[in-house]
Structure formats: structure tokens, C-alpha cells
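Single-structure report; data block below.
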Amino acid sequence: MYTNNKVGNVIYKVIEYFGDDVRRINHFLKVYGYAKMIGECENLDDSMQEILEVTAVLHDVGIKVAEQKYNSSAGHYQQLEGPPVAKKILDELGYPDDFVERVMYLIAHHHTYTNIDGMDYQILVEADFLVNINEDGLDSSKQGLDSIRKIKENIFKTKTGTKILESIYLSKVN
């Protein structure tokens, strides 16, 4: 299933899609960076790595439609509205159907933390948490640190993701 397409083309399309929404662009670029690094350090095969990287770029594309349709950026609306947007972008870029189906599945579940069914899914969730912890301000209070510890215990499974979480958010308090 490895396509050897350029993830940069997907990034370019998603930047165009978000337009001047710098916050959303910066968010997906940070998630992409963590996902790429964790996937490489966890030795994913080329096919799964490509799916992971493309999904990390596209994971929140549903937020724009969710905000327009429901006046909400809630995760379940993103999961609902993201896959059709991602499909359109990936179809335009010529990705194969099986690749597109997996990306759509991951987008449709990236805020669902039960029944994680693959390393691409696990790493996507971890990368999104690494970014959201900071963007949501969890890292700046005692209560936030307790939440981060619970996230570590309940969500993080990869060796690399766990070490990054500890290094960034828990190293000064352990």
C-alpha cells in the first residue's frame, strides 16, 4: 500500500484549505512532527508511516465544517465531518482507495480512545495529546499535571511517545 506520494503535497492542500487560520495550521504541523518522529522511532513500516503522516496532517480538517455547521469544534463533530474533506483532498492527489479508507477511519476515530486498532492509530492519538496538553494549558497547574499523569497511564503505549511526554511535561515534577 506504500504510495511514495509526497506528504508535502497534502500539507500544501491543507494549508490552502485552512487559509488564514494560522492556529489550525500550526496545530496540524505540530501533530505531524510528533507523529512522524514517533513513527520513525517505533520503526513503522513505510506503508503505515505514510498513512500516519498523512492522517496527522488531515486529522482535524473536520473542524472547519463542524464550526460552520454546528458552531462547535467538539471532537465528535470533527470525527463526523473530517473524513469527507480528507477523501476529497486525497482523491485529488491520486491516493489509492485502501489508503484513503484507512486515513478516513483514523480521522473518524482520533478522539475515540477505546479499541485502538493499530500503531498508526495509537501514535496519532499520542501525537495529538502531546500538542493538545500544551495548547489546552494543562501543563501549567497542579490539576493539569495530575491530568497529564492520568493521560500517560491511560493513553500512552509507545516507548517513544511516553518518553517525550515525560521529558516535556513531567520531568521537572517526578
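Okay, here's what the table says:
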| read-out | value |
| --- | --- |
| Tally, over region 35-56, of residues that are touching a helix residue (DSSP H, G or I) at 6+ places or on another chain (Cβ under 7 Å) and farther than 16 Å from GLU126 by Cβ | 1 |
| Residue in region 22-39 that is open to solvent by 10 Å² or more (accessible area, probe 1.4 Å) and not in a helix (DSSP H, G or I) present | no |
| Filter result for LYS64 (more than 25 Å from ILE133 (Cα to Cα) and among the charged types (D, E, K, R)) | no |
| Failed item in (1) assigned to a helix (DSSP H, G or I); (2) surrounded by 14 or more Cβ atoms within 10 Å (Cβ to Cβ), with SER73 passing the rest | (1) |
| Any chance TYR95 is crowded, with 16+ Cβ neighbours inside 10 Å, farther than 20 Å from LEU130 by Cβ, touching a Ser or Thr at 6+ places or on another chain (Cβ under 7 Å) and modelled with pLDDT of 95 or more | yes |
| Enumeration of residues in region 40-66 that are assigned to a helix (DSSP H, G or I) and open to solvent by 30 Å² or more (accessible area, probe 1.4 Å) | GLU40, CYS41, ASP46, MET48, LYS64, VAL65 |
| Verdict on LEU80 being open to solvent by 20 Å² or more (accessible area, probe 1.4 Å) and either touching a residue at least 12 places away in the same chain (Cβ under 8 Å) or in a helix (DSSP H, G or I) (or both) | yes |
| Criterion: in a helix (DSSP H, G or I) and either open to solvent by less than 10 Å² (accessible area, probe 1.4 Å) or farther than 22 Å from LEU29 by Cβ (or both) - qualifying residue of ILE116, ILE89, ILE123 | ILE123 |
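The values are calculated or read from the model by the stated rules, or taken from the named source; none is laboratory data. Since this is a predicted model, take the numbers as computed values, not measurements. Backbone-built Cβ (ideal geometry, glycine too); neighbour counts: all protein chains shown. What goes into the accessible areas is simple: the full protein's heavy atoms, side chains included, and nothing from ligands, DNA or RNA. Shrake-Rupley method; radii C 1.70, N 1.55, O 1.52, S 1.80 Å.
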